[in-house]
Amino acid sequence: MASLPRPGGLGYGAMRDLNWSPKEKAVARKAFDRALQRELEAVTIEAKTRARKIQQPSDLWELERYLTERRKQIDREYEHKYSVLILVFGNLMRQGRLSEEELLGLNQDKLDSIRRFAEP
């Protein structure tokens, strides 16, 4: 899924113990769902592009390999457990899949930690 926590940020134990208010949970769910939707739309577009280029049976298996690998990657990167959501959001921001604006409504400590994880 994601890399290990960075020095100066929340460690895994601290992330696990974070409290999420109902408002923060709603903000987090909405941001998570948007990022996942964008990811799935990109995979759909790429799969359609590849499917249009299929000319022989081996091309089918190449498309299947692509889809299988992307599914595994998405399953690793998109985990909506509050104990790791700070790390997930940081990784998604670093990869350009989520903007900080989509996380407005989270408390400052969470935003600061997400920013630290998002640093290259």
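Computed from the coordinates by the stated procedures, all read-outs in this text should not be read as laboratory data. All values reported here derive from a predicted model rather than from experimental measurement. Because the Cβ atoms are built from the backbone with ideal geometry, glycine has one as well, and the counts that use them run over all protein chains shown.
Farthest towards the positive end of the charge dipole of the chain, among the residues 90, 28, 57, is the Cα of 57, using unit charges on the Cβ of Lys, Arg, Asp and Glu.
Return one number: the angle in degrees, 0 to 90 and rounded to the nearest 10, between the long axis of the Cα atoms of helix 108-118 and the longest principal axis of the Cα atoms of the chain. Between the helix axis and the principal axis of the chain, the angle is about 40 degrees. Measure nothing but the geometry: give the 0 to 90° angle between the long axis through the Cα atoms of 57-77 and the longest principal axis through the Cα atoms of the chain, rounded to 10°. Tilt relative to the chain: about 0 degrees. Largest mean-square fluctuation among 18, 92, 103, in a Gaussian network model of the chain whose springs join Cα atoms under 10 Å apart, belongs to 18.
Taken along its principal axes, the alpha carbon cloud of the range 50-109 reaches lengths of 54, 21, 14 Å, longest axis first.
Under the rule that an exposed site lies in a DSSP loop and has at most 11 other Cβ atoms within 10 Å, name the longest stretch of the chain with no trypsin sites (Lys or Arg not before Pro) of that kind, not counting the sites themselves.
Numbers: sites that count: 53, 81.
With trypsin sites (Lys or Arg not before Pro) excluded where exposed in loops, the chain gives 1-52 as its longest stretch.
Over the chain, the ratio between the Cα radius of gyration and 2.2 N^0.38 Å evaluates to 1.25.
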